[in-house]
Amino acid sequence: MSQLTSTHEKVGYLPGSKPSTHTAFTAASGIENAVRMLEGRWKLVILFNLFGGRLMRFSDLERAIPDISQKMLIQQLRQMEADGIVTRLVHHQVPPKVEYGLTAWGQSLCPALDALLTWAEARPASPDAQ
């Protein structure tokens, strides 16, 4: 399989970055795995509430996302914790206090999601427009 290359001479790699060694198959597979970690109706909403180093208690997240059920919030947080995106900080006190925040790796998603949002906002008005 051939390596991926830039599609135009003006398109290159970011300064200081190395050329990709991905093939079309490994690149697609890697993106598929990344999307799988972020799929779900609420994961991106949870992420955007936690960006910027914010720590939020479970009840604060519930209030910030009023349409999510408690069961779904727990499920989504557990999945993101298992994937290494979210950290769960337990304060041993009475009553128990649990806060959620992003790991450094989770926080590093911010520029990628910002670029994706910019890309989506630049969508042509009609599908035929170029």
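Return the residue satisfying two criteria in turn: it lies in region 47-78 and is within 22 Å of Asn33 (Cβ to Cβ) and among the polar types (S, T, N, Q), and of such residues it is surrounded by the most Cβ atoms within 10 Å (Cβ to Cβ).
Ranking the candidates gives Gln76 first.
Return the residues of region 96-120 that are surrounded by 14 or more Cβ atoms within 10 Å (Cβ to Cβ) and closer than 18 Å to Leu61 by Cα; say none if nothing qualifies.
Glu99, Tyr100, Gly101, Leu102, Thr103, Gly106, Gln107
Which one of these does Glu81 not meet: (1) surrounded by 12 or more Cβ atoms within 10 Å (Cβ to Cβ); (2) in contact (Cβ under 8 Å) with a residue 40 or more places away in the chain; (3) within 17 Å of the chain's Cα centre (by Cα)?
For Glu81, the exception is condition (2).
Would it be correct to say that Leu113 is modelled with pLDDT under 95, of a type in the set (A, V, I, L, M) and under 14 Å from the mean Cα position of the chain (by Cα)?
yes
The values are calculated or read from the model by the stated rules, or taken from the named source; none is laboratory data. Small disclaimer: the values here were computed from a predicted structure and weren't measured. Note that we place each Cβ from the backbone using ideal geometry, even for glycine, and neighbour counts take in every protein chain shown.
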